[in-house]
Amino acid sequence: MKKSKAELEKRIFILFFIITFLLVLTIIFIEWQLVKFGITQYEDVNLNLTFSDFKIVQNEKQAISQNKLIKFTSDIKLEDVIIIKDTKQISNRLHSHYDQADVNNLTIYSRERMVLFGTKWDLIDKYLAQIYQNASQEESGSFIANFGNKLFQIDYYPLISSKEIIELLAVFIIVEKIEINTFHFNSEYNLKLVPFDGKLNEVQIPLALKNHIADLNLIVQNMSQNQEIESIHRLNVEHAVGIHVLYDLHNQPGGILLISYFRDTNRFANQSLLLFVLILLATTLIMIVLLGNWFSKTILIPVNSISERMREISANPSTIKPIEQKYTGVLGDMVASFNTMNIALSNHRKNMQEYKLITDNIDSGIFWLDNDFTIILFNPSFMKITGLKKEEEIIGKNLSRLLGTKENILNILEGYSITLPQLEIYPNNRLKYVTLNLRRTKYDEGYRFFGSITDISNEMKQTKAREALELELIKSNKAAELGRKVEGIVHNINSPLNSILGYAQLLKKEYKDNEDITKIIDAGKTIANNVKGLLTKVKQSNISSVRPIKINELIDRELDFCEHNLFFKHYVTLEKKFQEDLPKLNAIYSDISLCVANIINNAIEALKNSEDKFLRVRTYSHNNMIAIEIEDTGEGIKERDIPKIFESYFSTKTGKDGTGFGLGLAITKSVVEKYNGYITVDSKVGLGSKFTINLPIK
C-alpha cells in the first residue's frame, strides 16, 4: 500500500512538473513574440505618423504653389501679352499686380521653350522636355529635384489657349529651395531631409546612424529599384530608421527623408511584462481548471470515496462495509488493501467492544502508566473517582500529583507490585480513601504499569462515624457525670460559705476597723461568684437545644474557669481581641464551650516549657462565618504530626508526662464539622501554634 501510494505521488509530481515546464516555455515564447510585435507595432505607428505629417505639409506647400500658378494663368491680360510674346509687358504686368516674392520664383516658358520671364535654370532644362510633354496634355505637376547638392521644389502649370482650339501657349514654373525646416511641423524624432545623387555620406545622415551608412545606402538603392516611397527598418536593438524617398519627374531619387527613431525597449518590456503577467494568470487559471477537472475525475474522486468510507468507519465502526472493486492499477490495489483492512478492523472492533464493555461497567478505576509514571489510558470509573470531567485533565499527568498523595507512589513501589489498602488521596483538594493496586509489566523495550483504584471513602466514613459516635457518647457521659458532681459540690459549698459570710459580716459590724475581717468577706464573695459562674456553666451545658449564643461571653467564662490553674494565673500573659458587634451563633452551648475549652487547655499545656508565655484569643466575622482564633507561643507541633492531631487517641503529650487520651481535638473537630464548620491549624516548632475555629452564623 505504501509503495503504491508513493508511486502514485511520484507520477502526479512528474505530470505536474512536465505540464508546468511546458506551460512556462509556451508563455515565455508568447511573451517574446508579444514584445517583438509590440515594439514593431509601436515603431510603425509612430514612424508612419511622422511620414503622414511630412506628406501633409509637403502637399500643403505644393497646393500653395499650384494656387499661385492658377492665379497667374487665369489672368486674361497676362495671357494676351504672352500670346504676342511681349516680354516687357509681361514683366510690367507681373510686377505691378502680384506679390514680389511670388514673382521672384516664377519662370515663364513659351511653347517654343523660350524664356519669356524669369531666370533660365539648368535644373529646369533637365526636366523641361518631360514638363512640356505633361503640359501639352493639360497636366500640372510638382516634384522635388536635386541640384547643386540642394533640394528644390518645382511646380509647373500649363497656360492653354482660351479659344476653341486647345493650344499650349506657355508653361509657368515656380522653383523653391527646400529644407527640412521649411516644412514647419513638429516631431519628437531626429529628422533629416538630404539631397540624393546615388549615395549617402556621413554628413547627411543623423549622428545616431553614423555606423549604419552602408546599410542605409543599400536600403535606399533597393527602394529606388523597386520604386518604394517609404520603408521602416530596425538597424539594431537600440535604433530604428524610417526612410521616405522623394522621386523627381524622371522617377529617380532626388531627396531622402531620414527619421532616426530610438527604440525604448525598456518601456515596451515593462508594458509587455504586465501583459505577460495577465496572460500567465489567465493561462494558469485555465490550466488549473482543466488539469484539476481531469485530476478530480481520475484520482481525487476515487481517493475521496475511499477517504469518505474511512471517515464513516471512524465515526461509526459498526458500519464497516467493503468498497466495490471497480478501479484498476494503483487505485485498485488501494481498494483491495482497504477492504482487507476493513475485515481486520471489524474483528478487532468486536474484541475491543467486549473488553471495553467490561472495563466501562466496573466500579473500580483502571488505568495504564508509562515509564515516567504518567497516565496514558483509563476507564470512566477512574475519572469518576478523581472527580475530573475532561480527558485532557488526566492524560499525561503524573499519578501521584493527580491523586494528591503525600509522596510519590513510585518511590514506595517494591518489586513488580504494590497494594495500598487505605490510601489517602486529595484529588481537587478533597480527601478520599481508596485501595490502590499497581503491577509492573514488560512492554516493548521498557516497562508500563497497570493499576486499579477503588473508592472506599463511604466505608471509611462509616468507620469514622462509629468512632465519632463513641466519642460523643464518652463526652456526653463525662459531661453528665461532671455536671452531677459539680452540682453536688456547689450545694455543699454554698451552705457553709453562706454561714461564713454571715458570721463575718456580724463581726464586721462589731469590729469595723478590722481589715482581716474585710479580706475574709471579699474572699468569700469571690468564692460565691465563682461557684455561681460554675453553676451557670453547668446549667447552660445541660441545655441541649440550639439557641443564640454570645461567643464573646462564652469565651470570657471559659477563661475565668482557667483562673484556678495557677500556672495560667501567674505566668501566662493573656490578650483578648473581641469584635464588639459579633453576631450571635445558633448552636448548643455545651458543644461550643467544649471546643473552646479543649483548645485553650492545650495552649496552656504547650506554654509550660516556653520562655515567652503568651496567649491571644481573638474573634471576628468573615464571609457569614464567625472565627475563634486561639494563638500561643508554646513549643509548637511537628509538621509530620499536624495531619494526625485530629485523629482519635493521638496525643503529642503521651510519653512526656503520661497524661492525655488524644480525644480533645478529635472531639473538637467532630463538633465543628457537625455545624458545617471547619478548623485550621498553623504551627511551627519552637514558635507556637494557632488554631482557628470557623463556624457558620446560621
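Annotations
- Complete set of residues in region 671-698 that are among the small types (Gly, Ala, Ser) and over 15 Å from PRO643 (Cα atoms): GLY677, GLY686, GLY688
- Residue count, region 137-190 (criterion: part of a loop (DSSP other than H, G, I, E, B) and either modelled with pLDDT of 85 or more or more than 21 Å from ASP80 (Cα to Cα) (or both)): 15
- Assessment of region 223-246 against the conditions (touching a Gly at 6+ places or on another chain (Cβ under 6 Å), surrounded by 21 or more Cβ atoms within 10 Å (Cβ to Cβ) and either assigned by TED's automatic domain parsing to the domain that holds GLY198 or modelled with pLDDT of 80 or more (or both)) yields at least one matching residue.
- Residue tally, condition hydroxyl-bearing (Ser, Thr, Tyr) and either part of a loop (DSSP other than H, G, I, E, B) or touching a Gly at 6+ places or on another chain (Cβ under 6 Å) (or both), over region 103-121: 2
- Verdict on LEU574 being among the aliphatic types (A, V, I, L, M), surrounded by fewer than 18 Cβ atoms within 10 Å (Cβ to Cβ), under 22 Å from ASN676 (Cα atoms) and modelled with pLDDT of 85 or more: no
- Whenever a residue of region 219-237 is closer than 21 Å to GLN252 by Cβ and free of Cβ contacts under 8 Å to residues at least 12 places away in the same chain, it has no partner that is exposed (fewer than 11 other Cβ atoms within 10 Å of the Cβ) and basic (Lys, Arg) lying with C-beta atoms less than 7 angstrom away and at least six residues away or across chains.
- Unmet requirement for SER621, which otherwise passes all of (1) surrounded by fewer than 19 Cβ atoms within 10 Å (Cβ to Cβ); (2) at pLDDT below 85: (2)
- The set of residues in region 661-680 being part of a strand (DSSP E or B) and touching a helix residue (DSSP H, G or I) at 6+ places or on another chain (Cβ under 6 Å) consists of ILE679 alone.
- Residues considered: ILE84, ILE90, ILE56. Of these, the only one that is in contact with a helix residue (DSSP H, G or I) (Cβ under 7 Å, 6 or more places away or on another chain) and modelled with pLDDT of 75 or more is ILE90.
- So ILE642, is it among the β-branched types (Val, Ile, Thr) and surrounded by fewer than 17 Cβ atoms within 10 Å (Cβ to Cβ): yes
The values are calculated or read from the model by the stated rules, or taken from the named source; none is laboratory data. These figures come from a predicted structure and were not determined experimentally. When we count neighbours, we look across all protein chains shown, and the Cβ atoms used for this are built from the backbone with ideal geometry, even at glycine.
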